[in-house]
Every structure is written in C-alpha cells, then in structure tokens.
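Read-outs throughout are calculated quantities, based only on the coordinates presented, and are distinct from any laboratory measurement. Quick caveat: nothing in here was measured; it's all calculated off a predicted structure. Note: ideal-geometry Cβ built from the backbone for every residue, glycine included; neighbour counts use all protein chains shown.
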C-alpha cells in the first residue's frame, strides 16, 4: 500500500509539473495578453489600424512627451520583421534600436531592464507569431533631452521564483506589468521618484478617454488602498472598479489584466501590501 501511495504521488507530481510547463510562445501569450499588456499602447484604439494587434499608431501625450507607438508586428518594412532576436531583446530591455538610436518614453525601460531572459524571449516568441501588418508610424517628438542611454548593457537576468510571493509580486508589478512606473510620480522627466514615492500616484495621463490621474496604490489607509481587501484590489485591477463602485479610467489595461491568473494576482496584492504607506491624496 505504501509503495502504491508513493508511486501514485510521484505520478501526480509529474503530471502537475507537465501541466504547468510552458513553451516560450505559451508563456509569451499569457504575458502579452495579460500583465505585460503591450497592446494597451501598441494597438490603436481607433482609425484604420484599430484592432490590428500591435500595429502601433497610438498617440500618447504626457507633458513634454508626444509619442507615437511603433509597429511591433513582424512586417519587414514597417514593423520589426527584420530585427534579430538579440536586437529585439536590446530594444525591449535597453530602449535601443538596431541603428543605435534611443527609443523614448513612455516605454518603461527602467522597469523592463529587470525582465528575465526567459520572459523576454517568450515575449519575442509572441511577437514573431503575429500577423505582419503594414503600418508606417511617424516619429515621436520630445520637448526634453533624452539621456545617451538608460543604463549600462543588461546582462543575464534570472527568473524570480514564484514561491517567493512578495518578490515575485514585485516582479509582476515592476518589470512585467510596470504598474509602478505609471503609479509613481516623476522627479525630472522622464525619471520617476522610485526612492521616495514608489506607488504614490498623482501622474496625469491624457488620451482619447480624456484626462486621468494615477491612483495612490500604497497601503496608506487615508489616501491609498490600505483599507481595501485583497478581493477589492483584485477587482480594481481586473475590472477597473473601486470598492465604492466607481470606475477607474484608462490607461489601466483592464481588458488585459482580466487574464492574470489568481496566483499572480495574489502575489501582486502581497507586494502592494509590503510597500511603505505614503500619504498623497490624488484627485
């Protein structure tokens, strides 16, 4: 009986391992259609390119930034079809095109530098799987100087163990989802004040939806989410609804975040609970 029980346990363990095993494309699909949500910016919400996944053409204006999102489909003339995997990895994590020019904000390169090698390759596998779409987009305009680089070249970045819940939640809300990039105010554009105001909110976004202000997502009980339950935080992330029933506004990517797994949502909540409470009332 003991031998049977042990053997059965081994089989169940093996089956569980196989069930969670993912190919790069499967992982990339989960990330891109969920927490990473590149389509929230790189898929135009209206006009001739509407619903053309990741074909670019969405104009984003934030203060001195007048950005036009580029075409990420594998179209060789107007997209990234001629870029190698290594060039795509540098573009994603370091903000540098194959010709050496710098890609400007709002791409969150300070966050993307922390993307693991495995997840970056999974994202690239997803981009390769897309239908090529011909869509030439104009250059972005910046009324501010861009740095010569966003940092030194990114070396190898290891996976964050999912068993380390808070740390994995930080990875989800940071490098993968770049939640903290939008919810942290700027010091001097395009730099964010992660040291003193991580998650404190207050940054204003403009788009087809009008004007919206990033919420304070620190556990401050009066001006943040300190009084929200875990379930209420998850509902806000996936459905865009506050505990009082009022709706959050874009650019929160609710259409994508609804695909985040319960396990990953739990990790994000655990991480947000670990932040330093910051009193910062936003309108």
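A few remarks follow.
- Peptide packing: for 64-73, 154-163, the average count of neighbouring Cβ atoms within 10 Å per residue gives the ranking 64-73, 154-163, highest mean first.
- Computed on the chain, with alpha-carbon pairs under 8 angstrom and 6+ residues apart, the relative contact order is 18 percent.
- The chain - mean residue ellipticity at 222 nm from DSSP helices (-39,500 (n - 2.57) per run, n ≥ 4, rounded to 500): -10000 deg cm²/dmol
- Cα-based shape type of the range 95-252, given that a ≥ b ≥ c are square roots of the gyration tensor eigenvalues and the cut on a/c is 1.5: prolate
- Inter-centroid distance (Cα atoms) of the range 79-111 relative to the range 269-283, Å: 31 Å
- Rule-of-thumb Rg ratio for the range 22-142 [Cα; 2.2 N^0.38 Å; N residues]: 0.99
- For the range 165-274, the pair-distance distribution built from all alpha carbon pairs, in bins 5 Å wide starting at 0, is 2, 12, 22, 28, 21, 11, 3, 0 percent.
- Beta bridges from DSSP with both residues in the chain: antiparallel share about 95 percent, rounded to the nearest 5.
- Percent antiparallel among DSSP beta bridges (both partners in the range 22-142, rounded to 5): 90 percent
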